[in-house]
Amino acid sequence: MKIGIIGKGNVGNAIATGLSRKGHEIKHGHRDPKEPVSEAANWSEVIVLAVPYESVAVAAKAIGSAADGKVLVDVTNAIGENMNLAIGFSTSAAEELQKKLPKARVVKAFNTVFAPNQSTGRIGHEQLTLFVAGDDAEAKQTVMQLGRDIGFDPVDAGPLKSARYLEPMAMLLINLGYGLGMGTGIGYKLVKG
């Protein structure tokens, strides 16, 4: 598939590495005028939004109607001041993105995984769980397959409003990794009995 990755930081590059390994074509779009967001969004079949939360509104505006009808993967986390969750009880970053780009098929995924593990879907020999939430069943299946291609065990986490749970899960992981010193070699694995 043609994957437009908006953002070229640790997360955007890690996901690009994982998807490239399986033969997906990648085009980055970011604040560098040599790689415009609009160009990557127009070219792509699937758009991955991997920018800091405070940059979402600007990125969404640059993506604009290029997202219409396309799968738009929201990898962001609603991190506010002092590393606190900026929103979350009655909405989520993913739901707010859907409001900004109403014709896109927004799916929340990859946000509960540290960037160093996003290119493999694993920590050592352990396969990590990729929680995927969205209102469009076909869009979720597309993202789940992309997750499998990288190496994750994808799990359908329900409708887009489930991002209200996934975003706090990411905050817990960030706190464990950085606040409590466990590092980025940790992640979530759903055990199925």
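Each value in this text was obtained by applying a stated rule to the coordinates, not by laboratory testing. Fair warning: this is a prediction, and the values are worked out from it, not measured in the lab. Neighbour counts run over all protein chains shown; Cβ positions are idealised from the backbone, glycine included.
Remarks
- Applying a length cut-off of 24 Å (Cα extent along the axis) and a mean Kyte-Doolittle floor of -1.0 to the DSSP H helices of the chain leaves no helix.
- Within the chain, longest stretch clear of exposed trypsin sites (Lys or Arg not before Pro) (DSSP loop, no more than 15 other Cβ within 10 Å): 104-188
- Contact order, relative form, for the range 1-121: 27 percent (alpha carbon pairs under 8 Å, 6 or more residues apart, mean separation divided by residue count).
- Listed residues 134, 181, 121, most fluctuating in the chain (Gaussian network, C-alpha, under 10 Å): 181
- Between 175, 111, 82, the Gaussian network model of the chain with springs among Cα atoms under 10 angstrom shows the greatest mean-square fluctuation at 82.
- Here's how it looks for residue 122: its modeled amide H is under 5 Å from those of 128, which are all 5 or more places away or on a different chain.
- Under 13 Å, Cβ to Cβ, from residue 8 - net charge with Lys/Arg +1 and Asp/Glu -1: +1
- Share of alpha-carbon pairs per 10 Å distance bin for the range 1-98, given as whole %: 16, 50, 28, 6
- Using the rule -39500 (n - 2.57) for each DSSP H run of four or more residues, divided by the residues of the chain, the 222 nm mean residue ellipticity is -9500 deg cm²/dmol.
- Value in Å of the Kirkwood radius, where the range 59-107 supplies the Cα pairs that are averaged: 11.5 Å
- Tensor-based shape of the range 117-180 (alpha-carbon gyration tensor, a/c under 1.5 rounded, otherwise prolate or oblate): oblate
- The calculated FRET efficiency for the pair residue 169 and residue 32, based on their C-beta separation and a Förster distance of 35 Å, comes to about 0.65.
- Spatially proximal lysines relative to residue 61 (Cα-Cα < 23 Å; intrachain offsets below 8 disregarded): 2, 8, 27, 34, 70, 99, 100, 103, 108, 161
- Comparing 41, 163, 66 in a Gaussian network model of the chain, where Cα atoms under 10 Å apart are tied by springs, the biggest mean-square fluctuation is seen for 66.
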